[in-house]
Each structure stands twice: as structure tokens, then as C-alpha cells.
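Taken together, the values in this text are just the output of simple stated rules run on the coordinates, not laboratory data. Treat the numbers as computed from the prediction; the structure is a model and nothing was measured. When we count neighbours, we look across all protein chains shown, and the Cβ atoms used for this are built from the backbone with ideal geometry, even at glycine.
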Amino acid sequence: MIDIVRLIACILLTGAGLCCLVSGVVGVFRFKYALNRLHAAAILDTVGILLMLLGVIVATGFTFTSAKILVVIAFLWLTSPVSGHLIGRMEITINDDLDNAMTVIDRETVEHEKDAEVPTDNKEAN
Amino acid sequence: MAKTRPDYESSLFARFLRWLQGGSTQLDDEMSHTMDDKASLSHSEADKIAQEHEAKYEARLAAMAEQEKNMYAHVHAWASNQGKGLSNWLYRILAVVICVGIIVLLVSTAAELPPYGSPDNPAHNEVAERYIEKGMQETGAVNIVAGMILDYRAFDTLGESNVLFIAAVTVLILLRMTTRPDGKPTTSQLEAECDDRMYEPKNDLILQHQASFLVPMILLFGIYGLMNGHIGPGGGFGGGAIMGAGLILYLNAFGFKKTERFFTFKTFSIVSVAALSFYAVSKAYSFFTGANHLPSIITPGTPGMLFSAGLIPYLNIAVGMVVCCTMYAFYTLFRKGDM
């Protein structure tokens, strides 16, 4: 009974992980712009790897090796989001053509829009 | 390309002409202010002739420039019409010929290989048997691979470490910016620094927090791999690579100013050379005593203990230092051209 439950859980986890990996790989090759690709790759090396490794843990049972796999998961979750952040920051830093590639919403534009909105409200009130 | 005007004026022919016209050479020019009118007259005549020669010379220069321009135009026309087609044709033919040649060579070699896993293979000889059966007893290393690469075949590993060191030195020769003798940075160094500041994200708070937690862990794991090479998985190359990666992460997070406190060019040279010479000297001692059947102070010890297996843990540390320094040097040299 427990074996069947474990098998089903393992299949569910690794299947979900495979779905994430496949969508990540498709996204990396289908998207054209670096940041969109980064978005797809981030799914791949956080959720995809987490689900796959959890499936492996469930399949092998809770031994010393699965404790090591948990450490691997912690390491990957510490490092891969930071590397994604750095790649994104690099793209922002060196791309001169950023406005054409996407709509940039930073603090300045938001405040500018707010300033633009406030006088119209005042006019209507007046 | 050819002589320019000042060269021409001091040339042998011009001086000869001027001497012929009235004895006014270049030395005499300086004294001509104090001379009488006659001398200055001859001087102006010499000037006139010199100007004529100059005009001729410039006309010749212009003709040469025109000729060169025509030649370049001709070459360009040829390259864009026939040359392109010829090189394309040659490229395709050569690509097919080389590919087919390599495929034939590799397939014929693979056909000659003995069947996989057969007990009569040449690889299954008494050498491998001895490594597996007596390796632990003779070297004292539980990890048979460590015993093989650092004891039975230590000379080979010395060559590998030297290859790494030579690669690092070659990159140094090619990429390191020259410093001025007084120690101040040159303009090319300042430009590289400016580029680096512009293109590399610095003082990233997220990365710094992550690195301050991860770098000690990575370095500790690398040291564990180094020290543990003769007992379990690990060893000089793996541990050194992990330590180098930790150093590179630290450099990325905190910048060159922080790493320069403990790792400069001097550190690199001292650590690499000390590790390699320690390796060479200790292995020379071990080879010498072994070959002459002399008593040696190096004993295998108890297998499985930390200080056992003779020289292997120390050689692992030496190899690891070389690998770590080489990786870090590659990274810094390719990024900024300096350490």
C-alpha cells in the first residue's frame, strides 16, 4: 500500500517537474528577447529542479542521500535566482535599446505620471 | 613609406647639390646670418633647386598613391567577384574532404578496437589488477584513483599541474597590462577599469548577502575535498576548482579592492611556484629512495586516517593550490587584464 502511494507521489512529482522543464526549454528557444528567455529559464532551474529532486527523494526513501539532495536543493535555490537577477541587471545595464525592447516602468516614470495626473484633477475640481 | 621632406633635405644627394651650388651645407645654414650678401645669394639659389626637387618628389608621391589606390581597387574587385566564388568553392570541397577523411579514420580505428568488456582486452592486464588488489596496501589511500594518480603515476600528475601553470603564464603574457615602473596605472589600465565598472554589476546588495553566506561554505567544501582526496571522493583538481569558484564569487560580489587584500599577482606567483616545487622536490625524494631501495621516511600509514597514505594528502593540497590560482588568474585576466 505504502509502495503504491510512494510510486504515485513520485510519478506526480517528477511528471510535474518534467512539465516545468519542458516549458522552460521551449521558452528559452522560442522567446526572442533576453529577459523573456530569462523568465522561462528561471522556472526551469527553480521549480523544475525542485520537483524533480523531491520526486527522487520520494522514490529512494528518506536516507542520508536524500538529506544530501535537500542540501543540493537549498544550494540551487540560493544561487540560481541570484544568477538570474544578475543576468537581468546586466541586460538592463548594457542594452542601449531598452525602450524599444520593452516598456520600462521605473520610479521616475511612475512619479512623472503621478505629477501629470495631479494637475488635471485640480483643474476638474476647480 | 618613403623619405619625407626633412629626410630629403639632410640626404646625401641634397647636401651634395648644395655644396655644388656654393658650399652651403646644413651646418653652414646656422652660420649664414653672419655671412655676407654673396653667401646668402648662393643660399637662396640652393633653396630654389631644393624646391624644384621637392616638387618633383611630391609629384612622384602622388603618382605612387594613385597607383596604390588603383591596385587596391583591382584587388577588391577581384576579391568580391572571382575570389569570393573561389573561396566558397574551396571551402565546400575542403569541408567535405576533411570530414570524410576524419570519419574514415575514426570508423576504421573503432572497427579495430577489441570488443567491450571482453576479459582478453589489453586494458585488463596485470597493472590494473595490481592497482585494485594491492593499491590500498601499497599507497595507503582508500580512494584507489587518488593512489593511482598521485602515487603510481605521480609524474604524470606533475605534468598536468605544470600544464595548468603554463596555461596561466601564457594568458598572463598575452593579456596582462603593463604597469609603469613607478607603480601608477597606465591609461589602458584606467580604460579597462572604467569598462569593468560600467559593464559588471557592482555593489549588488542581493549578491553580496548571498555571497557572504555562500563563499565560506564553498571554500570549506573545497578544503574538505582537498583534505579528503585520499579517503573518499575529492582530490586536488576537484577541490581546487571549487575553491577557485568560491574566490571568483567573492570577487564578483565585493570587487577587486577587497580581493586585492589577500590575492594579488604576488600571491599567485608565490603560491603556484611553491606548490609546484614542493610537488617536484617531494616526489623526487620518493622516486630516489624507491629506485635505490633506500629506507624512506614516507610510510603509507593506516588507511582511512586523515594523515595517512604517505605524500598523497600533501600532493593533493599542492595540486589544489595550483588549480585554484589558475582558475582565479584566468578569470581576473580575462575580465580586467590584471589581478
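Just one of the numbered conditions (1) in a helix (DSSP H, G or I); (2) exposed (fewer than 10 other Cβ atoms within 10 Å of the Cβ) is not true of B:Lys134: (2).
Restricting the search to helices (runs of 4 or more DSSP H) fully inside region B:176-290 and requiring at least 2 residues that are more than 14 Å from chain A (Cβ to nearest Cβ) and of a type in the set (A, V, I, L, M) gives B:187-199, B:205-227, B:236-254. Taken over region A:66-78, the criterion of being within 10 Å of chain B (Cβ to nearest Cβ) and either surrounded by 15 or more Cβ atoms within 10 Å (Cβ to Cβ) or touching a Phe, Trp or Tyr at 6+ places or on another chain (Cβ under 8 Å) (or both) is satisfied by A:Leu78 alone.
The sole residue among B:Gly320, B:Gly235 that is in contact (Cβ under 8 Å) with a residue 12 or more places away in the chain, surrounded by 14 or more Cβ atoms within 10 Å (Cβ to Cβ) and on the phi > 0 side of the Ramachandran plot is B:Gly235. Condition check for B:Thr289 on (1) within 26 Å of the chain's Cα centre (by Cα); (2) over 22 Å from B:Leu219 (Cβ atoms): one failure, at (1).
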